[in-house]
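First comes the structure, then the notes that go with it.
Please treat every number below as a calculation from the coordinates, not as lab data. It should be emphasised that the depicted structure is a prediction, and the values quoted were computed from it without experimental measurement. Virtual Cβ from ideal backbone geometry, glycine too; neighbours counted across all protein chains shown.
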């Protein structure tokens, strides 16, 4: 049984007309000979409407009840899509996260998928019925409804693809695929025909918003092939494949940026063991995620410790650090929230030297000062002043020739390309 | 454990403000020392909005998927009410029909409650948590979501009251209680302080729309005491009690009417055994409910057979009968859909003679011709021309002195009055 997962986001099911279009897309896949499981988000705007309603009732609604309310959005769209499919003469059945069931961790609002029961879905698929599953939601061991966090429908789709050993997980979006850069900044940004899961992971964590990062993690961990496609245009989209399927490795795959971070520096920290845990312990206790950490080699056994946090946590982090500074004998704490992170991502970096050098030169030529640098095997990130973000992204996109097509491989259908 | 069920309809939860008002009402009952299970409908207009959405997708949506879509309405309100209760410092938990679970028959759109699992509810009540259950919905043996039909939240509430041996089931409505007649027709219609379940059953089936008829049947069958109250005004409402609790029995409790029926007459039917089943067999096969049936004693071994059906089934019934008429050797079929049924209901009829005589005299004095008569132990119904319905109802309400208060018993709290 060749199973294909097709996931459609809120903008693809925002109106009755769009739901009809989704039905036609699903029917095409069925007619291509596949068994199809559809994953849907709520109609565009609906989740926000429900959250607003909840906040009108209570400034801090309980997360359990918020999940009960929010999860109704997808329940409406799955029912409507089944009606559209049945109207066209196809057998279809909808299932909520609780009905599948999609077992998750207990944490409301950002639960993690732990197990998917395949029986109901497989027996429906075997009898030729299209299965339509509510994205974004599951059920925990208490039998309570949970949700997976913003963009969680992507995770539902990829997790279903892994559980059902699907040939491919198609994610339909309102863009044409994964781009080399944000097209609002780089007008000649190009749709990538291929990207590795590892690169996609780095791009997502660097600010690219095509897929929920946990969905990409899932795909990476379980080797699920993802195909990012447009809901509205018949384009070939982007294949997210495991690395060995790549025919050619360009140096750089894309440029990402993130303007949602803030930077904090503790000056003249005594350079002795245990200091880092004294600083980051209280930060972690406050549930604040730290992104980049840089510690410069200092003079006189003193060092400057700099790190970045989510911008919404900037004031909170400053407050916590002010308590710590005297305890660890440091001099002062300074911070800035007008910063941006620009990242270059590409598996080709491994075999191509000089990427970092080129990046620093290009930014210097534009007069952009680099405040922090962090590197991984397939990514280089720099922190610059926020006002330079567009200029920096454009200059790098151009310098690495990202608008030129490097590959010419055409897809010949999910099965032949993806079957592992 | 003294359990009280409190049910609020769509007009009582139509806005955030009204949900807050419901929370306050529930809290008052908790502070009175009761364990409370709340049953809610969807926000006013929401179920219709969802049905319209479904009909935009498909002219004949499958009932399974329609139930999936419709059942989201109550899921939103139960979550919101829990948030409001928690905001005020009370512990509360919401459950959908599937979560309780409320087991129903398989028929979508008008499923019947078969079994309610009490465990989750009781353990919550024992720990002092307010339980908020979605009305109108359940789950069938396939694990599919079902709905109970219009007004089904009343049935959910009464069924829960029966399953949990609740002291009372309070139904909050947008009226002050059960009235002696429709106040739009009879301005001096009076709120009844008491009515028997049997009378309520006859009133409901005669057109009074305070409670879903299946809820009344449930209350009658299981001896559940119901208290009909206003959501908006602090009035004493109507107690629906078992007959033995009545201190006094007025002759007549109320006047009901129904303008949703149509009348069909088969003329000159040969008066021999088996004719009735030949007529009503095909009618029943077409899922058409027959209300009144009158067969006059005829001459020459011939008789006229008249019956009423729901007005929406009038044309359909006529079509079916035209096929039957030649088969049974009858002469002709005539019908009218401009009729109305007026019913007098009251357990006092049993011991007071002359009610029917008075009724016929009053209608005759107003010049209203009676087309059909049907009686039960506690009800007399007549069919008249539709244009006379207001005149007839007003005249009867006045003739039987229904605007005058007959009882003066005050309720002293649900427990003392209702505990069986």
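Once both axes come from the Cα atoms, what is the angle between helix A:46-57 and the longest principal axis of chain A, in degrees from 0 to 90, rounded to 10? Between helix and principal axis, roughly 70 degrees. Per-residue mean of foreign Cβ neighbours for A:390-401 is 0 (Cβ atoms of other chains, 10 Å radius). A simple spin-label model places the labels of residue A:15 and residue A:105 4.0 nm from each other, with each point 7 Å out along Cα-to-Cβ. In chain B, the beta-carbon sitting nearest the axis that superposes B on A belongs to the residue given here with its distance in angstrom, B:72, 2. One decimal place: the segment residue A:334-residue A:32 gains 102.7 nm when fully extended, by the rule 0.36 nm per residue minus the C-alpha distance. Helices in chain A, meaning DSSP H runs of at least 4 residues, each add -39500 (n - 2.57). Divided by all residues, the mean residue ellipticity at 222 nm is -10500 deg cm²/dmol. Cα extents for the range B:13-145 along the principal axes, largest to smallest and rounded to whole angstrom: 48, 32, 16. Computed over the range A:298-359, the convex hull of the alpha-carbon atoms projects to a mean area of 6.9 nm². Among B:227, A:55, the order by Cβ neighbours within 10 angstrom, fewest to most, reads A:55, B:227. Here is how far apart the residue A:387 label points are across copies: 8.5 nm, shortest first, using a point 7 Å from Cα toward Cβ.
Calculated FRET efficiency, residue A:259 to residue A:350, Cβ-Cβ distance, R0 = 25 Å: about 0.35 to the nearest 0.05. Taken along its three principal axes, the alpha carbon spread of the range B:183-297 comes to 58, 34, 28 Å, from the longest extent down to the shortest.
As a proxy for reagent exposure, A:394, B:118 were ordered by neighbouring Cβ count within 10 angstrom, fewest first; the result is B:118, A:394.
If you run the Gaussian network model on chain B, springs between alpha carbon atoms under 10 Å, then out of B:191, B:224, B:178 the most flexible one is B:191.
Computed over the alpha carbons of the range A:156-208, Rg followed by Dmax gives 13.0, 39 Å. Short-range pairs are left out: with C-alpha atoms under 8 Å and at least six residues apart, the relative contact order of the range B:244-405 is 31 percent. Between the range B:266-334 and the range A:1-72, the C-alpha centres lie 51 angstrom from each other. All alpha carbon pair distances within chain B were sorted into 10 Å bins beginning at 0; the resulting P(r) in whole percents reads 5, 20, 27, 25, 17, 6, 1, 0. For chain B, the longest principal axis of the alpha carbon atoms and the long axis of helix B:275-285 meet at an angle near 40°. Across peptide B:49-59, the average count of Cβ atoms from other chains found within 10 Å of a residue's Cβ is 5.
Can you put B:294, B:240 in order of Cβ neighbours within 10 angstrom, beginning with the fewest?
Going from least to most buried by this count: B:294, B:240.
Defining a contact as two alpha carbons under 8 Å apart and six or more residues distant in sequence, what relative contact order in percent does chain B show?
14
Quote the Stokes-Einstein diffusion coefficient, in whole µm² s⁻¹, for the range A:21-98, based on the Kirkwood radius over alpha carbon pairs, a temperature of 25 °C and a viscosity of 0.890 mPa s. The calculation lands on 174 µm²/s.
For label points placed 7 Å from Cα toward Cβ, what is the shortest-first list of nm distances from residue A:350 to its copies? Nearest to farthest, the other copies are at 8.9 nm.
Using the Cβ-Cβ distance between residue B:242 and residue A:287 with R0 set to 45 Å, the FRET efficiency from 1/(1 + (r/R0)^6) comes to roughly 0.20. What FRET efficiency, computed as 1/(1 + (r/R0)^6) with R0 = 41 Å and r the Cβ-Cβ distance, is obtained for residue A:88 and residue B:386, rounded to the nearest 0.05? Once rounded, the FRET efficiency stands at 0.40. The fraction of all Cα pairs in the protein assembly as shown landing in successive 20 Å bins from 0 to the largest distance is 13, 34, 30, 15, 7, 1, 0, given as whole percents.
When the Cα convex hull of the range A:243-403 is projected onto planes of every orientation, the mean area is 11.2 nm². Mean partner shielding of peptide A:89-96, defined as the number of other chain Cβ atoms within 10 Å of each residue Cβ, is 3. Relative to the longest principal axis of the Cα atoms of chain B, helix B:16-31 runs at roughly 70 degrees.
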